[in-house]
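Single-structure report; data block below.
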Amino acid sequence: MGHPEPDTPGPGQESVWDYPRPAICEPTTRRIQVRHKGIDIVDSTAAYRTLETSHPPTYYIPRKDIAMDYLEPNARRSLCEWKGQARYFDIVAGGERIEAGAWTYPEPTPAFDPIRDMIAFYPDPLDECLVDGEKITPQPGGFYGGWISQYEAGPFKGIPGSRFW
């Protein structure tokens, strides 16, 4: 099954269908923020984003820009064919625990060494994830951690029927 017809990017947008495969990572100066239960967990202008065909960006944040007191290690592990083995964190804020709500690559593959020990957040369970002040839409499908903002044109992996894109 082939991929769908890409949406035409508007002014200032990138098509996720122009993103490469295999995936890459690159720095971004966009302001990345995460708030949950009224708590500012992330505020960074030094993030990296990973880009992969059909996926909105996932943002990796330097630990210095994260309120690490709200993260607790989780025993979960997973393997990404591009980045290596991920380790997870629970997010504990405002009396709520989001199990495995954030992840990191402590020993990434060489191509992803720039995101070593940076942390990414699943946007879906969080109250607010923002890119340059805009509240983003979580990538559909539950499994993925992409952030959809005004900067991306889809359609996006994760929607019904996209399993084999």
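The values are calculated or read from the model by the stated rules, or taken from the named source; none is laboratory data. Owing to the predicted nature of the structure, the values given are computational and were not obtained by experimental measurement. For neighbour counting, all protein chains shown are included, and Cβ atoms are generated from backbone atoms with ideal geometry for every residue, glycine included. We work out accessible area using only protein heavy atoms, side chains counted, and drop any ligands, DNA or RNA first. Shrake-Rupley method; radii C 1.70, N 1.55, O 1.52, S 1.80 Å.
A few points about this structure:
- For beta carbons closer than 7 Å, sequence separation of 6+ or different chains, a first residue in segment 99-118 that is of a type in the set (Lys, Arg) and a second that is surrounded by 13 or more Cβ atoms within 10 Å (Cβ to Cβ), the qualifying pairs are ARG116/TYR105; ARG116/PRO108.
- For segment 9-29, the tally of residues that are farther than 25 Å from PRO110 by Cβ, open to solvent by 30 Å² or more (accessible area, probe 1.4 Å) and polar (S, T, N, Q) stands at 1.
- In summary, no strands (runs of 3 or more DSSP E) completely within segment 59-165 bear 3 or more residues that are farther than 16 Å from ILE39 by Cα and touching a helix residue (DSSP H, G or I) at 6+ places or on another chain (Cβ under 9 Å).
- Residue count for segment 137-161, restricted to those that are without any contact (Cβ under 8 Å) to a residue 60 or more places away in the chain, open to solvent by less than 50 Å² (accessible area, probe 1.4 Å) and under 17 Å from ILE91 (Cβ atoms): 1
- Residue that is modelled with pLDDT under 95 and of a type in the set (Lys, Arg), where the choices are ARG87, ARG116, ARG163: ARG163
- Given (1) within 22 Å of MET68 (Cβ to Cβ); (2) within 20 Å of the chain's Cα centre (by Cα); (3) open to solvent by 20 Å² or more (accessible area, probe 1.4 Å), index of the condition HIS36 fails: (3)
- Close Cβ contacts (under 6 Å, 6 or more residues apart or on different chains) running from residues in segment 27-52 that are more than 22 Å from VAL92 (Cβ to Cβ) to residues that are aromatic (Phe, Trp, Tyr) and in a loop (DSSP other than H, G, I, E, B) comprise LEU51/TYR19; GLU52/TYR19.
- Segment 74-116, residues that are on the phi > 0 side of the Ramachandran plot and loosely packed, with under 13 Cβ neighbours inside 10 Å: GLY94, GLY95
- Boolean, ASP127 is under 27 Å from PRO155 (Cα atoms) and open to solvent by 20 Å² or more (accessible area, probe 1.4 Å): yes
- Among the candidates ILE115, ILE91, ILE61, residue that is within 18 Å of TYR144 (Cβ to Cβ) and touching a Leu at 6+ places or on another chain (Cβ under 9 Å): ILE91
- Evaluating TYR70 against the criteria (1) over 17 Å from the mean Cα position of the chain (by Cα); (2) at pLDDT below 95; (3) aromatic (Phe, Trp, Tyr) leaves one unmet condition, (2).
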